[in-house]
Amino acid sequence: MTTGAPTPTYPARPRRSRLRTFLPLGIAAWLVLEIWLLTVVAGAASGFTVFLLLVAGFVLGSVVIKRAGRRAFRNLSETLQQQQSGAAPTTGGGNGNGLMMLGGLLLMIPGLISDAVGLVLLIPPVQKALSRYGERTLDRKIREAAPGTFGDAFQQARIHRPDGKVVQGEVIRDEGPQGPTADPGPYPPLNR
């Protein structure tokens, strides 16, 4: 029996990206694998050996992060001094400081897999290869982006309708004649 009231229609939920779907599962699998590997190593050697490995990884990671931070600060101060003296700053890049800090952070996280990945990130050829790959990926993503200037991104608008739907549009400013005859009223017409 119906009362004559329309059944409410709910807008479809947007699809979750693959990253948002699989990232929690990947983190959970990584944690389980880390714990399992620690128990296997503790069974093969001893619990004290695993404890020493974890402490050594933490100490080594903190040293690496401290060294990378000092190097980044030194590069920043050299760049600022070159700018103040009027010399053209050299673009030496980040010299792998970000990847060194990431490697140090992975060393500080308890676990043998994260320690292994952190140690691999400290190898200079791996840092260069990863930074080149990251630059190529970023360049490709920028080239694939919609044409236009960066300022065009701020010209987009979203209109939220009462039924919950979102209508995307673009703000177009008419640079036509200004004056009392061109005044359309308090709101511009919506049929442009």
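The values are calculated or read from the model by the stated rules, or taken from the named source; none is laboratory data. Computed from a predicted model, the values in this text were never measured in an experiment. Because the Cβ atoms are built from the backbone with ideal geometry, glycine has one as well, and the counts that use them run over all protein chains shown. For the accessible areas, the whole protein counts, side chains as well, though only heavy atoms, and no ligand, DNA or RNA atoms are used. Shrake-Rupley method; radii C 1.70, N 1.55, O 1.52, S 1.80 Å.
Flag set for Ser114, criterion: surrounded by 16 or more Cβ atoms within 10 Å (Cβ to Cβ), closer than 30 Å to Ile27 by Cα, at pLDDT 85 or above and polar (S, T, N, Q).
Kindly list the number of the only condition in (1) at pLDDT below 60; (2) surrounded by 10 or more Cβ atoms within 10 Å (Cβ to Cβ); (3) assigned to a helix (DSSP H, G or I) that fails for Ala157. With (1) at pLDDT below 60; (2) surrounded by 10 or more Cβ atoms within 10 Å (Cβ to Cβ); (3) assigned to a helix (DSSP H, G or I) applied to Ala157, the lone miss is (3).
Would it be correct to say that Phe58 is open to solvent by 80 Å² or more (accessible area, probe 1.4 Å), part of a helix (DSSP H, G or I) and farther than 24 Å from Val120 by Cα? Show your work before the answer.
Details: open to solvent by 80 Å² or more (accessible area, probe 1.4 Å): yes; part of a helix (DSSP H, G or I): yes; farther than 24 Å from Val120 by Cα: no.
No.
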